[in-house]
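Undergrad: Can you read through this structure? Questions will come right after.
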Amino acid sequence: MLQPGLMMDRPLLVSAIIEHAAAQYGNVEVVSRETHGPLFRYTWRDCARRSRQLANALKGLGLEAGHVVGSIAWNNHRHLEAYYGVSGSGMIMHTVNPRLQVQQLIYVINHAQDAAVMFDATFAPLIQGIAAHCPQVKAWICLSDAANTPPIEGVANVHNYEDLIAPCSDQFDWPEFDEKAGAALCYTSGTTGNPKGVLYSHRALVLNALSGSMPGVLSLSPKDTVLPVVPMFHINAWCIPYGAPMMGARLVLPGPRLDGASLHGLMESERVTVSAGVPTIWLGLVQFMEQNGLKFTTMHRTIVGGTAMPKALIAKFADDYGVEVHHGWGMTETTAVATMGCLSPEDESLSPDEQHAIIARQGKSLFCVDIKIVDPAGQTLPRDGVSQGELMVRGQWIAKAYFRSDESPLVDGWFPTGDIATIDEHGRMQIRDRTKDVIKSGGEWISSIDLENAALGHPAVALAAVIGVKHPKWDERPLMLVVRKPGQSVEKDDLLAFLRDRVASWWLPEEILFVDALPVGGTGKVQKGPLREKYGSIFA
């Protein structure tokens, strides 16, 4: 018979994170760029106090444990307080992507059965347009004070956040309950069909934040000032709002202004050491810095995910700016980070180009996460860095079902990601493409990601997207769409000559079109669906 351990059995709860921060790092600063007005500054102790006030305020509105509270908001201090005041009191924090199509936004609010919705003042017109379609919402809470809360005609039960919490006590006894209870809810981007909800448990959030903050991943410590550019409505801002207070890091929240000038100015003025975001954000930041001859003073590490980061951009950060790149992978269904890549000691003797190629992979799985790749028949493929198959994942913070759905997505206990990947003998995983994006031309596979990254190595290319388009002879051929950098010139023949030295000849795009912009979704990824609709018959 197994002997039981003699340890205390304390649940892993979100409320414990903010109270730990208040007790151990109470004077550490949180900086928030407001939708209106100057930067707002307070401490983790203040954040905990106001989170307790919010918990009392929601209780006063008649909400209780199990209710779902939505948010349509940027990264700011009131949204941060909601992360704790809502989940900590036993309710579910539903972060809504404001860039969803209006009908999808209405769908997720109703499907989640939000009892209240918090929103930034900038989204007041959106709220006015959807409120009538969300009859179960009992209260609409503007994340502002009275002076900056706009009138919303025809919508009842509108409150402003500051007046709502002001009369409430900052004493609140966080309840203790099963750590497997739901804490936060996030929906997929819904590129095909309606978005699907992923309900994260307290246990999943705490474990992911703890593991994700470790050395070799985000590597957070009290010495760091971290700026999450990744939105708080995008898979929990990669759990940084939980990891930063857990590790005593100073936190800077950028609000709605994510352009290159605003981000660089904030990074410099607040002496940010660590940041996190998707490659499209970093492309815009680098372009601004190049145009203005700027550098970083304190930034020394960035965490990148959401889509593959081009090797040329990794080289720019590492070689020109001295910023270490940690390249990761995760998805809505994995709570946040599941794999992370960075250099190991044996890589230090490699050339810079070889090092950048290693960083361009999505790296090794974190402890508590298992990965494998399988062929179409479901057979596990070797870890040789060459064999390609669908990436499968399982672990302590991986979804086993979708919210309010009777169907399980799992295959023999593994979650099928829809990503095509390789895994090498060292355990390093690299995403080669999405199953829906990989191009089959004449019976051979072409990676749209590799083609895009090759094009982004050209100094005049700001953004590139590659889609497979039906072809009368080859089944599919790649079509490349390119956005030039401002003031830069590159033509089709120039780019083809550049690519010819970097990819196989039969990978070369059948056509290259230059466009002013590419459609980008709410998580910063280029949306290829609209491109396929527009250009799907170009080779017919």
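The values are calculated or read from the model by the stated rules, or taken from the named source; none is laboratory data. Predicted model only: the values in this text are computed from it and were never measured. A quick note on method: Cβ atoms are made from the backbone with ideal geometry, for glycine too, and the neighbour counts reach across all protein chains shown.
Undergrad: Take the stretch 469-484 and flag every residue that is modelled with pLDDT of 90 or more and surrounded by fewer than 22 Cβ atoms within 10 Å (Cβ to Cβ).
TA: Of everything in the stretch 469-484, those that are modelled with pLDDT of 90 or more and surrounded by fewer than 22 Cβ atoms within 10 Å (Cβ to Cβ) turn out to be Val483, Arg484.
Undergrad: Of everything in the stretch 492-540 that's among the hydroxyl-bearing types (Ser, Thr, Tyr) and not in a loop (DSSP other than H, G, I, E, B), which residue is farthest from Leu283 (Cα to Cα)?
TA: Of everything passing the filter in the stretch 492-540, Ser505 is farthest from Leu283 (Cα to Cα).
Undergrad: Considering only the stretch 289-306, state which residues are among the polar types (S, T, N, Q) and part of a loop (DSSP other than H, G, I, E, B).
TA: Within the stretch 289-306, Thr297, Thr298 qualify.
Undergrad: Here's another thing I want to ask about it. Kindly indicate the residue of the stretch 145-188 that is of a type in the set (Phe, Trp, Tyr) and in contact with a helix residue (DSSP H, G or I) (Cβ under 6 Å, 6 or more places away or on another chain) and also surrounded by the most Cβ atoms within 10 Å (Cβ to Cβ) among those meeting that condition.
TA: Taking the stretch 145-188 first, the residues of a type in the set (Phe, Trp, Tyr) are 161, 172, 174, 177, 187.
Going one step further and asking which of them are in contact with a helix residue (DSSP H, G or I) (Cβ under 6 Å, 6 or more places away or on another chain), we end up with 161, 172, 174, 187.
Numbers: Tyr161: 24, Phe172: 21, Trp174: 20, Tyr187: 26.
Per the criteria, the residue is Tyr187.
Undergrad: Is it true that some residue in the stretch 117-124 is of a type in the set (Asp, Glu), at negative phi and without any contact (Cβ under 8 Å) to a residue 60 or more places away in the chain?
TA: No, the stretch 117-124 has no match at all.
Undergrad: Among the residues of the stretch 208-243, count how many are free of Cβ contacts under 8 Å to residues at least 40 places away in the same chain and among the small types (Gly, Ala, Ser).
TA: Qualifying residue count for the region: 3.
Undergrad: Could you please let me know if Glu354 is in contact (Cβ under 8 Å) with a residue 60 or more places away in the chain and part of a helix (DSSP H, G or I)?
TA: Details: in contact (Cβ under 8 Å) with a residue 60 or more places away in the chain: no; part of a helix (DSSP H, G or I): yes.
Spelling it out, it is not the case that Glu354 is in contact (Cβ under 8 Å) with a residue 60 or more places away in the chain and part of a helix (DSSP H, G or I).
Undergrad: Which residues, taken from the stretch 9-25, are exposed (fewer than 15 other Cβ atoms within 10 Å of the Cβ), in a loop (DSSP other than H, G, I, E, B) and modelled with pLDDT of 95 or more?
TA: The one that is exposed (fewer than 15 other Cβ atoms within 10 Å of the Cβ), in a loop (DSSP other than H, G, I, E, B) and modelled with pLDDT of 95 or more: Arg10.
Undergrad: Still on this structure: Given (1) crowded, with 20+ Cβ neighbours inside 10 Å; (2) in a helix (DSSP H, G or I); (3) on the phi < 0 side of the Ramachandran plot, identify the lone condition not met by Val325.
TA: Among (1) crowded, with 20+ Cβ neighbours inside 10 Å; (2) in a helix (DSSP H, G or I); (3) on the phi < 0 side of the Ramachandran plot, the lone unmet condition for Val325 is (2).
Undergrad: Is it true that some residue in the stretch 520-529 is surrounded by fewer than 18 Cβ atoms within 10 Å (Cβ to Cβ) and modelled with pLDDT of 90 or more?
TA: Looking through the stretch 520-529, none of the residues is surrounded by fewer than 18 Cβ atoms within 10 Å (Cβ to Cβ) and modelled with pLDDT of 90 or more.
Undergrad: A follow-up question, please. Taking the conditions exactly as written (over 19 Å from Thr280 (Cα atoms), hydroxyl-bearing (Ser, Thr, Tyr) and surrounded by fewer than 20 Cβ atoms within 10 Å (Cβ to Cβ)), does Ser262 satisfy them or not?
TA: No; evaluated as a whole, the condition is false for this residue.
Undergrad: Let me ask something else. So Lys372 fits all but one of (1) crowded, with 16+ Cβ neighbours inside 10 Å; (2) modelled with pLDDT of 90 or more; (3) in the same structural domain as Gly243 (by TED's automatic domain parsing); what number is the exception?
TA: For Lys372, the failing item is (3).
Undergrad: Here are the criteria: (1) surrounded by fewer than 24 Cβ atoms within 10 Å (Cβ to Cβ); (2) in contact with a Lys or Arg (Cβ under 8 Å, 6 or more places away or on another chain); (3) among the small types (Gly, Ala, Ser). Tell me which single one Gly85 does not satisfy.
TA: (1)
Undergrad: Can I ask one more? Condition first: surrounded by fewer than 13 Cβ atoms within 10 Å (Cβ to Cβ) and either over 16 Å from Gly427 (Cα atoms) or among the hydroxyl-bearing types (Ser, Thr, Tyr) (or both). Now tell me which residues in the stretch 381-400 satisfy that.
TA: Across the stretch 381-400, the qualifying residue is only Lys400.
Undergrad: To continue, here is another question. Evaluate the stretch 324-335: report whether one residue or more is in contact with a Cys (Cβ under 8 Å, 6 or more places away or on another chain), in the same structural domain as Pro231 (by TED's automatic domain parsing), touching a residue at least 60 places away in the same chain (Cβ under 8 Å) and among the β-branched types (Val, Ile, Thr).
TA: Yes, there is a match, as at least one residue in the stretch 324-335 is in contact with a Cys (Cβ under 8 Å, 6 or more places away or on another chain), in the same structural domain as Pro231 (by TED's automatic domain parsing), touching a residue at least 60 places away in the same chain (Cβ under 8 Å) and among the β-branched types (Val, Ile, Thr).
Undergrad: Can you tell which of Arg49, Arg41, Arg45, Arg78 is outside any strand (DSSP E or B), within 30 Å of Pro222 (Cβ to Cβ), of a type in the set (D, E, K, R) and out of contact with any helix residue (DSSP H, G or I) (no Cβ under 6 Å at 6 or more places or on another chain)? Spell out the reasoning first.
TA: Numbers: Arg41 fails: outside any strand (DSSP E or B); Arg45 fails: out of contact with any helix residue (DSSP H, G or I) (no Cβ under 6 Å at 6 or more places or on another chain); Arg78 fails: out of contact with any helix residue (DSSP H, G or I) (no Cβ under 6 Å at 6 or more places or on another chain).
So the residue among Arg49, Arg41, Arg45, Arg78 that is outside any strand (DSSP E or B), within 30 Å of Pro222 (Cβ to Cβ), of a type in the set (D, E, K, R) and out of contact with any helix residue (DSSP H, G or I) (no Cβ under 6 Å at 6 or more places or on another chain) is Arg49.
Undergrad: For the stretch 444-491, which positions are in a strand (DSSP E or B), closer than 16 Å to Lys525 by Cβ and either β-branched (Val, Ile, Thr) or in contact with a Phe, Trp or Tyr (Cβ under 7 Å, 6 or more places away or on another chain) (or both)?
TA: Across the stretch 444-491, the qualifying residues are Val466, Ile467, Val483.
Undergrad: Is it the case, given these coordinates, that Asp120 is among the acidic types (Asp, Glu), at pLDDT 95 or above and touching a Leu at 6+ places or on another chain (Cβ under 6 Å)? Don't jump to the end; show me each part of the working.
TA: Values: among the acidic types (Asp, Glu): yes; at pLDDT 95 or above: yes; touching a Leu at 6+ places or on another chain (Cβ under 6 Å): yes.
Criteria met by Asp120.
Undergrad: Can you pull out every residue in the stretch 382-399 that is touching a residue at least 40 places away in the same chain (Cβ under 8 Å) and either part of a strand (DSSP E or B) or not aromatic (Phe, Trp, Tyr) (or both)?
TA: Arg383, Asp384, Gly385, Gln388, Glu390, Leu391, Val393, Gly395, Gln396, Ile398, Ala399 - these are the residues of the stretch 382-399 that are touching a residue at least 40 places away in the same chain (Cβ under 8 Å) and either part of a strand (DSSP E or B) or not aromatic (Phe, Trp, Tyr) (or both).
Undergrad: Of all the residues that make up the stretch 134-155, how many are assigned to a helix (DSSP H, G or I) and in contact (Cβ under 8 Å) with a residue 24 or more places away in the chain? Working first, answer last.
TA: First, the residues of the stretch 134-155 that are assigned to a helix (DSSP H, G or I): 146-148.
Subsequent filtering for residues that are in contact (Cβ under 8 Å) with a residue 24 or more places away in the chain retains 148.
Total satisfying the criteria: 1.
Undergrad: Ok, one more. Hey, does the stretch 401-414 have a residue that's surrounded by fewer than 20 Cβ atoms within 10 Å (Cβ to Cβ), of a type outside the set (Phe, Trp, Tyr), without any contact (Cβ under 8 Å) to a residue 24 or more places away in the chain and closer than 19 Å to Val526 by Cβ?
TA: No, the stretch 401-414 has no match at all.
Undergrad: Among the residues of the stretch 99-133, what is the count of those that are surrounded by 19 or more Cβ atoms within 10 Å (Cβ to Cβ) and not in a helix (DSSP H, G or I)?
TA: Within the stretch 99-133, residues that are surrounded by 19 or more Cβ atoms within 10 Å (Cβ to Cβ) and not in a helix (DSSP H, G or I) number 8.
Undergrad: If I go through the stretch 276-293 residue by residue, how many of them are among the small types (Gly, Ala, Ser), at negative phi and surrounded by fewer than 20 Cβ atoms within 10 Å (Cβ to Cβ)?
TA: 1
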